[in-house]
Structure formats: C-alpha cells, structure tokens
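A short worksheet on the structure shown next.
The values are calculated or read from the model by the stated rules, or taken from the named source; none is laboratory data. Not measured: the values here are computed from a predicted model. Reconstructed Cβ throughout: ideal geometry from the backbone, glycine too, with neighbour counts over all protein chains shown.
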Amino acid sequence: MKNRRLTVRTDMGTGTPAGYEIIYTDSFAGLAREIETLPRSYSRIGILTDRHVGPLYAEAVREELEALKLPVHTITISPGEEHKNLDTIRQVLEELCDKHFDRSSLLIALGGGVVGDMAGFTASIWMRSIDYVQIPTTLLAQADSSIGGKTGVDLGGYKNMVGAFKMPVLVWENVSVLKTLDGRQYAAGFAEVMKHGLIRDEGYYVWLIDNLYEITDRDPAVMQEMLFRSNRIKKEVVEADPYEKNERMLLNYGHTIGHALEKNSNFTMLHGECVALGCVAAARISYDRGMLSMEEYYEIRDMFVPFGLPITIDAVNPDIIYELTRSDKKMQGDLCRFILLEGIGKAVIRTDVTKEEIIKAVHEISYVEDGE
C-alpha cells in the first residue's frame, strides 16, 4: 500500500509556517527515518503504552527506533478510562524523572485515545514542554483524538477537565493494527468517523454508507481512504480554530449528551458508543426544531446500526443525564454550547437548547420494556 500524507498547520496565527505530518501506512517501517527529518534532535525516547497494546506492538516500534541509536524506554500504564487521571500522570512523570528524561527527549504515544491524551498532556508539562509523536492504535484515535492537539485527563469522573493544547510533531497511522482491534472497539471508533460526515461533508457521509461492507470488513485501502478523508475534515476545522473559540466546537457534535451517558455508566460504555447515542439525541433535537426533516432524522439514527453502534440505551434517568451535561466543560456560564444539525453536513452551534429538549431527547434514546 502506498503511503499517503496530510499536513496539519500549527502556526496558531503567529505567521510563522509550522505544522506536522500525518502518515498513512500499513507498517512501522520508515518511522525512524521520519523522526530523523524532524527539526529537533533528541537525546532519548520514551514510549508510553498500556498493558493491552504494549505486548502487541511496543517491541516492533522499539526495533524500528534502533536505527536512531538513542536510548529508548517503554512506560506501561493500566488501560482504560478509569486510569486517565492525575494519579497516573504522576506515575509517568516520576518514571521520566527516574530515567533522566530531559528537555530534548521525545515521547511517543502508542495506544488508543486514553494513551494519546495522557502522553500529550505529559509532554506539555514535562520540563515545560517536550515533543511527542502519536502512533494511534484504535480507529477512534486514528480518526479523531490523535489529530488536533487536545490533551487531558479526567477529574472526579468528568471527562478531560484538566488538560492543555499540545500539538504532536508527527502522527503515524498504521492501518494494519486495526485488524487486531476487537469488534466493539472498532465499531466505537466509527462513531467519530460518522460524526465528521454529519457535521461537515454530506458527500463523505454518503461515501461511508456506500462502502459499508468494505469498512466493516476492514479493507486496508478503504480504511486508509476513510481515515484520510475523516482527518482532512478535522484538520480544516482545527486549522480554522485551533483553540476551540468558535468553529472547532462543531467537532463536539454528539458529545454533550454522550459524555453525560459515559459518566452515568461509570465508563462501562465506550466513548464512541456514547457519542453515537449523543449524535442520535442531538439529531432528535434538530428534528424537533424543524432543522432536519423526518427522513433525515431517521436515516441518521438508523445508519449507526449496520456499523455496530447503539441507537438506544437501557433506561436512564433523563434528569440525571441533564444535570451531568451541566458539568460538561462546554458550559459557558449557565449556557451549554450545543451542536445541532441544519442538514446532513451542516452543523451549527446553539446556546439556547433547553432542559426540556435535552430530557425529551434522552427519553427518545432510552429503551424501556413494555410494562415498566
């Protein structure tokens, strides 16, 4: 498979050209050579991974990095959202200290979104910032979380309440690793893929539906094209609004209610599963406001199903879900910046979504058996 590239600008309005490359490939071969082309020279490299991903890929990455002739140290953390917190960050920082990592060190994130978020946050605060590379190993991370520089950890069970904007210097997307991803994790990642089409590109949304079988079969060429197009959408939004002052908020479509459902489940539900449910709920609010036609709403809702994503959830308390949305970091004073759809591919920001609308939408996705 021929490698593809996508450049993300990170000049942040400084006027000085800067950016990083996203490399689409089917192996780790060439990673060391790409790191050598980066503008900074490094003294040592740390690989941050977890106990699920490390045994699968850490050694292959280490072998590729041997060409750099630098000390390489692997830091392994416990997997899962429940470990994405400041206690784990402290453990990572202490290990960096014990291994004498300095300001010229490079940190590599080898894992899914949790590892990527924590590696980026660690890189942003270690000795006031060091470089880091993203090697995402889940569909969710390759399609979304490894791009754009938002990093962070949870606090008190609330998502990403402590964090920083920290751009990677390279993103290495090896699509072959998706073959080892379990079905539930793969489906969860697709929620972010679908989100990109819904908020920005109706043509891409249609392409996803047309390529349903190839996507679910994880055809390498189709996955590479899917990731390239999905990343390009996110890249354009991030470049226009790197610090999430306005347009970048559109990427939060499905996340306001989604994060609340995730918290309510004590993180037993996957992030992508909750985002899919949040997308359906937000589409319902859009339909109730007359922004979507009935046909558009039901198509959006039903198209998550063949990709293995939920569109209903066992009965939840809508009042609790509403209160959890009020603790979301997207709150601005008493107003929640909610993303709705004016059509497929046309997302808009609204600050007037009411409690009644949110509760009604949660009722719509909350499944209650007859007689209950």
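Worth pointing out:
- Total residues in segment 171-195, condition in contact (Cβ under 8 Å) with a residue 24 or more places away in the chain and not in a helix (DSSP H, G or I): 5
- Assessment of segment 233-255 against the conditions (closer than 30 Å to Tyr20 by Cα and polar (S, T, N, Q)) yields at least one matching residue.
- Checklist (1) over 23 Å from the mean Cα position of the chain (by Cα); (2) charged (D, E, K, R); (3) over 18 Å from Ser105 (Cβ atoms) applied to Arg51, failing item: (1)
- Test: residue in segment 150-163 that is without any contact (Cβ under 8 Å) to a residue 40 or more places away in the chain and under 14 Å from the mean Cα position of the chain (by Cα): yes
- From Lys263, Lys245, residue being in contact (Cβ under 8 Å) with a residue 12 or more places away in the chain and farther than 18 Å from Gly308 by Cβ: Lys263
- Within segment 267-296, tally of residues that are touching a residue at least 60 places away in the same chain (Cβ under 8 Å), surrounded by fewer than 18 Cβ atoms within 10 Å (Cβ to Cβ) and under 23 Å from the mean Cα position of the chain (by Cα): 1
- Among the residues of segment 158-179, those that are over 21 Å from Ala191 (Cβ atoms) and out of contact with any Ser or Thr (no Cβ under 8 Å at 6 or more places or on another chain) comprise Met161, Val162, Val169, Leu170.
- Taking first residues from segment 305-322 that are closer than 14 Å to Glu192 by Cα and touching a residue at least 24 places away in the same chain (Cβ under 8 Å) and partners that are in a loop (DSSP other than H, G, I, E, B) and of a type in the set (A, V, I, L, M, F, W, C), the Cβ contacts under 8 Å between residues at least 6 apart in sequence or on separate chains come to Pro310/Phe304.
- Scan segment 207-241 for residues that are acidic (Asp, Glu) and assigned to a helix (DSSP H, G or I) and the total you get is 5.
- Against the test of being surrounded by 12 or more Cβ atoms within 10 Å (Cβ to Cβ), farther than 16 Å from Val175 by Cβ and not charged (D, E, K, R), the options Thr25, Thr74 yield a single qualifying residue, Thr74.
- One residue stands out among those in segment 246-291 that are touching a strand residue (DSSP E or B) at 6+ places or on another chain (Cβ under 8 Å) and of a type in the set (Ser, Thr, Tyr): the one that is modelled with the lowest pLDDT, which is Thr256.
- If you filter segment 319-358 down to residues that are surrounded by 13 or more Cβ atoms within 10 Å (Cβ to Cβ) and over 26 Å from the mean Cα position of the chain (by Cα), you find that the one that is modelled with the highest pLDDT is Glu357.
- Flag: Leu48 does not match the condition of being out of contact with any Ser or Thr (no Cβ under 9 Å at 6 or more places or on another chain), within 13 Å of Val133 (Cα to Cα) and either among the aliphatic types (A, V, I, L, M) or free of Cβ contacts under 8 Å to residues at least 12 places away in the same chain (or both).
- Residues that are over 25 Å from Tyr186 (Cβ atoms), outside any loop (DSSP other than H, G, I, E, B) and of a type in the set (A, V, I, L, M), drawn from segment 295-324: Ile320, Ile321, Leu324
- Applying the criterion of being hydroxyl-bearing (Ser, Thr, Tyr) and farther than 16 Å from Val153 by Cβ to the residues of segment 82-110, the residue that is surrounded by the fewest Cβ atoms within 10 Å (Cβ to Cβ) is Ser104.
- Count - residues of segment 153-170 that are out of contact with any strand residue (DSSP E or B) (no Cβ under 9 Å at 6 or more places or on another chain) and part of a strand (DSSP E or B): 1
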